[in-house]
Amino acid sequence: MSQHKATIRWSSSEDADFAKGRYSREHVWVFDGGASVLASASPSVVRAPYSNPAAVDPEEAFIASIASCHMLTFLYLASRRGFEVVQYNDDAIGEMTKNEAGVPWVSGVMLSPRIEFRGDRVPTPDELHQLHEDAHHECFISNSVKTKISLP
């Protein structure tokens, strides 16, 4: 169907002590459209100064990609069903737990979308629920992960 590309760039500094884990985890993500994003290990995983709390970490990016995919699918479905969305905001939260082998993973993502509609046609609570259900089932990312994705 399609391919998507991301280039990851990291290099060590002169004063790093790689063998002792004293090296920066800061790196750059470069996407095929030209956008560059400063990235790093999460400070909850690797302490500063070896991580950069101002950068995006992989866990945050994973949660954002789930929330973004859900939103984009929701907007598409809402438009096809005659609803006009004027604003969509989501404060998604991911939860890290340990799996059966004791390895941490993002086991759940709670989406919390707040949506504003305009016009005469506003979804009923049941229609809104169905839009979210359909968005979840049609989202490319939610179909690609084993993480539990839920709404309040």
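The slack in the chain from T97 to W10, taken as 0.36 nm per residue of separation less the alpha-carbon distance, amounts to 28.6 nm.
The ratio of the alpha-carbon radius of gyration of region 1-56 to the globular-protein estimate 2.2 N^0.38 Å is 1.31. Under the criterion of Cα pairs below 8 Å and six or more residues apart, the relative contact order for region 37-119 equals 24 percent. Cα centroid separation, region 49-118 to region 1-45: 21 Å. Between F18 and L38, the C-beta separation translates, for a Förster distance of 22 Å, into a calculated FRET efficiency of about 0.60. Dipole magnitude for the chain: about 300 debye, using +1 per Lys or Arg Cβ and -1 per Asp or Glu Cβ, origin at the Cα centre. Any idea what angle helix 58-80 forms with the longest principal axis of the chain, computed on alpha-carbon atoms, 0 to 90 degrees, nearest 10? Once rounded, one gets 20 degrees.
When the charge dipole of the chain is built from unit charges on Cβ atoms (+1 for Lys and Arg, -1 for Asp and Glu) and taken about the Cα centre, the candidate among A78, H136, S51 whose Cα reaches farthest toward its positive end is S51.
When each of the peptides 98-106, 60-68 is scored by the mean number of other C-beta atoms lying within 10 Å of its residues, the order from highest to lowest reads 60-68, 98-106. One compactness figure for the chain is 1.28, namely its Cα radius of gyration divided by 2.2 N^0.38 Å. Helix 125-138 sits at what angle to the longest principal axis of the chain, using alpha carbons and giving 0 to 90 degrees rounded to 10? Orientation of helix 125-138: about 50 degrees from the principal axis.
Working ranking of peptides 1-8, 48-55 by packing, defined as the average number of other Cβ atoms within 10 Å per residue, highest first, is 48-55, 1-8. Look at the dipole of the chain built from charges on Cβ: of G94, S68, L38, the Cα furthest out on the positive end belongs to L38.
No value in this document is a laboratory result; all are computed from the given coordinates. Please read these numbers as outputs of a predicted model, since none were measured by experiment. A quick note on method: Cβ atoms are made from the backbone with ideal geometry, for glycine too, and the neighbour counts reach across all protein chains shown.
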